[in-house]
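**Q** Please read through the structure below; I'll follow up with questions.
The values are calculated or read from the model by the stated rules, or taken from the named source; none is laboratory data. Just so it is clear, the model here is predicted, and its values are computed rather than measured. In this analysis, Cβ positions are derived from the backbone assuming ideal geometry, glycine residues included, and neighbour counts consider all displayed protein chains.
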Amino acid sequence: MSTDEKAIIDYLKSCRHGFVSGREISRRAGGKRRYEEDNSWATRILRGMVNKDWLETDPGGHFRIPPETDSRKKKPIRRHLSPQMRHILENSGRNFDGIVIDEGGA
């Protein structure tokens with residue numbers, strides 16, 4: 001990943017839920033001086049990132065990082081749980097589905 005691609009990804013992480021125009025990405029990701037020199041420097045890079053499936057685009061030509069898919073989700077964190085704490089949590093009436101309980105300890 002090039003430094004320009006990294007700068008674009010870092011900027012788009014701050015705009016996680018919405019699509020952003022290529023011009024806005026050029027303005028915000030590269031800094032003021034870079035934008036003044038070439039106000040569409042990011043468009044070539046953005047097209048390449050879409051082809052690599054790092055970004056997705058909407059019909060208006062705006063870009064965003066694709067939402068996380070099941071294959072890219074983080075693995076659960078395993079933690080040891082004392083028998084007393086496990087008993088308290090089980091009797092609390094709350095739903096802890098999806099929680100991995102490590103019986104062996106760490």
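**Q** Which residues, taken from segment 76-87, are surrounded by fewer than 10 Cβ atoms within 10 Å (Cβ to Cβ) and at pLDDT 70 or above?
**A** Looking only at segment 76-87, we keep the residues that are surrounded by fewer than 10 Cβ atoms within 10 Å (Cβ to Cβ), and these are 76-77, 82-84.
Selection gives Ser82, Pro83, Gln84.
**Q** Can I ask one more? Would you be able to tell me the number of residues in segment 37-72 that are surrounded by 15 or more Cβ atoms within 10 Å (Cβ to Cβ), assigned to a loop (DSSP other than H, G, I, E, B) and touching an Asp or Glu at 6+ places or on another chain (Cβ under 9 Å)?
**A** Number of matching residues: 4.
**Q** Looking at segment 20-56, which of its residues are within 13 Å of Ile9 (Cβ to Cβ) and aromatic (Phe, Trp, Tyr)?
**A** Matches in segment 20-56: Trp54 only.
**Q** Taking segment 8-53 as the region of interest, how many residues are of a type in the set (Lys, Arg) and under 24 Å from Glu68 (Cα atoms)? Lay out the reasoning, then the answer.
**A** Going residue by residue through segment 8-53, those that are of a type in the set (Lys, Arg) are 13, 16, 23, 27-28, 32-34, 44, 47, 52.
Restricting the remaining residues to those that are under 24 Å from Glu68 (Cα atoms) gives 13, 16, 28, 47, 52.
Total satisfying the criteria: 5.
**Q** Out of all the residues in segment 10-36, which are surrounded by 11 or more Cβ atoms within 10 Å (Cβ to Cβ), within 17 Å of Asp58 (Cα to Cα) and not hydroxyl-bearing (Ser, Thr, Tyr)?
**A** Within segment 10-36, Leu12, Cys15, Phe19, Val20, Gly22, Arg23, Glu24, Ile25 qualify.
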